[in-house]
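Since the structure comes first, as structure tokens, the remarks are kept for the end.
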Amino acid sequence: MPRFAVTLVRFVCAAALLAASHATAQTPATDSADAPKLTLSAEQKQTIYQSISSTQKNNAAPPGFRVAVGASVPDGIELKPMPQTLAALVPAAKDLEVAMVEKQVMLVDAKSKTVMAVITAAE
């Protein structure tokens, strides 16, 4: 086989491997009908956002991760327990964990690491 053909085959194989590894790192899109539900009032959302945004560092989203309800939180995002004061004010969120990513507060199921709610400053 000519040297050019060997080089071309290697290039094509490398490109295919790179594309496959990038595709598997993406956060899978979820159908909103299948996404977990957590109902919060506007006041509860505002209280949670103000408290978490003032006490937690804003983190950049890891490559391939999109903050969205139903998304699986990757290991690179540090989750913290819901503060007791917020858990008392919002009982539905008492067993959840929180993180601030891309200026959005994520409420995450502690067991499944699934995003249950996303709260932004505008809410």
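Taken together, the values in this text are just the output of simple stated rules run on the coordinates, not laboratory data. Just so we're clear, the structure is a prediction, and the values are computed from it rather than from any experiment. Cβ: placed from backbone, ideal geometry, glycine included. Neighbour counts: every protein chain shown.
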(message) Need the failing condition index for ALA68 against (1) outside any loop (DSSP other than H, G, I, E, B); (2) within 19 Å of ALA42 (Cα to Cα), just the number.
(response) (1)
(request) Count, please, the residues in the stretch 71-103 that happen to be of a type in the set (S, T, N, Q), assigned to a helix (DSSP H, G or I) and in contact (Cβ under 8 Å) with a residue 12 or more places away in the chain. (result) 1
(request) May I ask you to list the residues in the stretch 34-56 that are under 19 Å from LYS113 (Cβ atoms) and either in contact with a Leu (Cβ under 9 Å, 6 or more places away or on another chain) or not hydrophobic (A, V, I, L, M, F, W, C) (or both)? (result) ASP34, PRO36, LYS37, LEU38, ILE48, ILE52, GLN56
(request) Quick one: LYS45 ticks every box in (1) more than 10 Å from the chain's Cα centre (by Cα); (2) surrounded by fewer than 18 Cβ atoms within 10 Å (Cβ to Cβ); (3) not aliphatic (A, V, I, L, M) except a single one, so which number is it? (result) (2)
(message) Can you pull out every residue in the stretch 48-67 that is in contact with a helix residue (DSSP H, G or I) (Cβ under 7 Å, 6 or more places away or on another chain) and either of a type in the set (S, T, N, Q) or touching a residue at least 60 places away in the same chain (Cβ under 8 Å) (or both)?
(response) ILE48, SER51
(request) Specify the residue that is farthest from the chain's Cα centre (by Cα); the eligible residues are those in the stretch 67-111 that are basic (Lys, Arg) and surrounded by fewer than 13 Cβ atoms within 10 Å (Cβ to Cβ). (result) LYS111
